[in-house]
């Protein structure tokens, strides 16, 4: 995220690092990068660390979701990454275990923190890879990830194909006839949502049909990263390292491949030749559509609720306009 929460101070993070990892912090600086977790660059002695904090409330997936459930899901994802790394997948940038042997520690009842080693290398932002060689290097890492053994799989949750906050999106769709007064982006969101309500409803129905097709296919799920875009890769002298494993799940392999194939159709044949797996076109279509519907659902939910103007909400509004676009769904379904 680009804005540090007022209720999450540097001092609170420092205290959590000391209690959880015995880490004496000499310097801490909020890093306005990514869109999801909060990040800090930390120095302790001669060692650099990258620290993430997650807002459990912001990660709820439906109205009845609890902080305990969110924390468990996040812990499962990061524990899967840690186990992958320990079993020889050196490209996995996994959390450093705390003194209690956990990948996460509490800052308070709302925020949890994880600590990562600092990795020197070339980073990018969200978007397309610059070359096919970079893209194929990431596919090689995904092939290895997807081949993870049952002991690794035992830590991971399973993708249920749910669209986060879909129940809250449905509520918002039902309330577009009256003005919204929840914040600076409320009315703009209501107008955009009202204009595309029929197309969005049809896309949600199509998504449900694709889920049924993929479930019937019986494809065995594999360990997936979830978001292997350029912003989640660091290119080092040893190759491509994958970061941000917080959305790791057992899922069809297409979950990791659809966006790479959209960038370069040759990825499909390359992946199959390396993995020995054929790809399911229905699953590719499902995850393409899921990405747009997920973004729409999360952003509409944010703007239907009380909010303020900030760099983060400006970014969210841009994202909503990009993804709440029926032409994208027509092309991808």
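When the chain is treated as a GNM, springs tying every alpha-carbon pair under 10 Å, which of 100, 247, 315 comes out with the largest mean-square fluctuation?
100
How high is the relative contact order of the stretch 1-118? Use alpha-carbon pairs under 8 Å, at least six apart in sequence, and give a whole percent.
Numbers: 189 pairs, mean separation 28.9, N = 118.
This gives 24 percent for the stretch 1-118.
Connecting C-alpha atoms closer than 10 Å in a GNM of the chain, tell me which of 119, 93, 47 has the biggest fluctuation.
Most flexible of the set in this elastic network: 47.
Please find, in a Gaussian network model of the chain (springs between Cα atoms separated by less than 10 Å), the residue of 240, 309, 81 whose mean-square fluctuation is greatest.
Sorting by GNM fluctuation, first place goes to 309.
Under Stokes-Einstein, with the Kirkwood radius over Cα pairs standing in for Rh, what whole-number D in µm²/s applies to the stretch 122-333 at 25 °C and 0.890 mPa s? Could you put the intermediate results ahead of the total?
On the way: Rh = 18.5 Å.
Answer, rounded: 133 µm²/s.
For the chain, what's the relative contact order in percent, using C-alpha pairs closer than 8 Å and at least 6 residues apart? Working shown, then result.
Values: 523 pairs, mean separation 64.5, N = 333.
19 percent.
Kindly give Rg over Rh for the stretch 78-234, based on alpha-carbon atoms, with the Kirkwood expression for the hydrodynamic radius. Intermediate results must be reported in sequence, preceding the final value.
Values: Rg = 20.4 Å, Rh = 19.6 Å.
Using Cα coordinates only, the ratio equals 1.04.
Eigenvalues of the Cα gyration tensor times 5, then square-rooted: what semi-axes does that give for the stretch 241-280, in whole angstrom, largest first?
Details: eigenvalues 71, 31, 20 Å².
Working from the Cα gyration tensor, I get semi-axes of 19, 12, 10 Å.
Hey, could you get me the Stokes-Einstein D for the stretch 33-86, Kirkwood radius over alpha-carbon pairs, 25 °C and 0.890 mPa s, rounded to whole µm² s⁻¹? Intermediate values should be presented prior to the final figure.
Working: Rh = 13.1 Å.
The Stokes-Einstein estimate is 188 µm²/s.
Which whole-number value in Å³ per residue fits the convex hull of the alpha carbons of the stretch 1-118? Mind dumping the intermediate values first?
Details: hull volume 13.0 nm³, N = 118.
With only Cα atoms used, the stretch 1-118 gives 110 Å³ per residue.
Which value at 222 nm does the chain reach when only helices count, each DSSP H run of 4 or more adding -39,500 (n - 2.57), with the total divided by all residues and rounded to the nearest 500 deg cm²/dmol? Don't skip to the end; give the middle numbers.
On the way: 12 runs with 150 residues, N = 333.
Dividing the helical sum by the residues of the chain leaves -14000 deg cm²/dmol.
Where a number appears in this text, it was derived from the coordinates with a stated rule and is not lab data. This is a predicted model, so every value here is computed, not measured.
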